Amino acid sequence: MRFVGPGRILPVTEVWTTPHRSAPVDAVVSLPGSKSITARALILAALSDGPSRIVRPLRARDTDLMAGGLRALGVGITEDGADWVVNPGRLRGPAEVDAGLAGTVLRFLPPVAALADGPVRVDGDPRLRDRPNAGLLAGLRALGVEIDDGGRGRAPFTVHGTGRVRGGAVEVDASESSQVVSGLLLAAARFDEGIDLAVAGDLPSMPHVEMTVATLREHGVEVTATERGWRVAPGPIAARDVVIEPDLSNAAPFLAAALVTGGRVTVRDWPEVTTQPGAQLDKLFTQMGAHVARTAEGLQVTGPETIRPLVADLGEVGELTPVLAALCALADGTSRLTGIAHLRGHETDRLQALDEVLTAVGATVTQLPDGLVVEPGPHRAAQVDSYADHRMVHAAAVLGLAVEGVTVTDPGAVSKTLPDFCERWADLVGATAGVGS
Ligand SMILES: O=C(O)C1=C[C@@H](OP(=O)(O)O)[C@@H](O)[C@H](O)C1
Ligand SMILES: C=C(OP(=O)(O)O)C(=O)O
């Protein structure tokens, strides 16, 4: 697959032979910034009351698309070394926004587009058009925004911005993605009446909503938790320079390498306190038998002799599922991962994709309505697809450490959040990159 984003065309690589390694890895790795924190920083900088600097943002397809979408609305975003300098301006339409395959752009940008003074059309990759978005569009309509989506509740759609949004009380169904809640809360201080948002149904990925609330408060926005949701008071969003934490979800495959090989991996600059869901890796890897410690350098994971199966509700940390499920296929018993029905609406239907990939390498997988049961079996080599999903490539890499002969078609999907993943992985396991066509 060829990914075309603003200002970049990423190389096409057809097949990646994942490196196999049975000897223990022993490595210290540094990782680029968090996708989720970078996305929030960009939105709030664009809506704030003055210029600001984003230090060490993640530069990858999703965050470049977010910057591109905001630029299309008239926001000044320039590079200064590795930083972004953001100059908010009058938000304008008409504009076209390419959301690629980014849920963050699909759900965080439309509430900003509603504040523009003209129509803003949002579209993206073919798969983006399948990603659920009815909750966000219905929520925006209830707040007084006109949207033309042909009744599909998905991209492509046009937000008919009028320069202002009434805001007020709204109930939203965010059971398919927490990003619906985050998107509305992020822009709400700029709505005439702010927002009084009540959540209907189950809300996945709670740490990501907590990240949204914490980030808003850091920008001086008044956010109150209510019985069924959150209230955001109307008012200015303070401009603020921010330093982006490393992406702890992208740390998952690297730390998992310690479990697979019985080795030791440290991820540098692990934050003391964070709202990233990756904070739960400590507890999850410990359950799987690893020893997890904080050292002066960062978070250190030391692998066990055999990986223990995992029985866990991953509803809060859905984006960690592909790597954890890969570990489950290498464990010494049956794992049960639940609370993740919404993963069917991610970059791909991740429950189906994981079923296919783990089965291909020898596991027996049962799909539940909201999860997976994974029973490891004798390993076999397999060629698997990336499903255009960065985290499926990460999962295949983890499997390939233990199972000789795992190859991945279309590994370029990693460009979504970590474009040089394959090279970093090769460094970690001490092998060459092995990407060919
Ligand atoms: O707010 C965010 O930055 C995210 C929220 C989660 O979305 P869902 O709630 O749709 O899973 C997560 O999976 C995604 O990778 C990033
Ligand atoms: C679900 C994910 O991404 P998105 O922000 O596109 O939903 C993810 O990165 O795992």
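What follows is calculated from the coordinates using simple rules that are stated; it is not laboratory data. All values derive from a computational prediction rather than experimental measurement. Positions of Cβ are generated from backbone atoms using ideal geometry, with glycine treated the same way; all protein chains shown enter the neighbour counts.
Computed values, structure above
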| read-out | value |
| --- | --- |
| Peptide ranges 15-21, 289-295, 104-110, 217-223 listed from the most packed, as the mean C-beta count within 10 angstrom indicates | 104-110, 15-21, 217-223, 289-295 |
| Sorted peptide list for 124-133, 190-199, criterion being average Cβ within 10 angstrom, highest first | 190-199, 124-133 |
| Integer Hz, Karplus 6.51/-1.76/1.60 couplings in order for region 320-333, x for Gly and Pro | 7, 4, x, 5, 5, 5, 4, 4, 4, 5, 10, 7, 9, x |
| Ordering of 414-424, 266-276 by burial proxy (mean other Cβ atoms within 10 Å per residue, highest first) | 414-424, 266-276 |
| Cα-based radius of gyration of the chain once divided by 2.2 N^0.38 Å, which approximates compact folds | 0.95 |
| Most fluctuating residue given options PRO24, PRO88, PRO253, as computed from a GNM of the chain linking Cα atoms under 10 Å | PRO24 |
| For region 35-243, radius of gyration divided by Kirkwood radius, i.e. Rg to Rh on alpha-carbons | 0.92 |
| Under Karplus coefficients 6.51, -1.76 and 1.60, residue-wise ³J(HN,Hα) of region 291-297 in Hz, glycine/proline x | 9, 10, 9, 8, 10, 4, 7 |
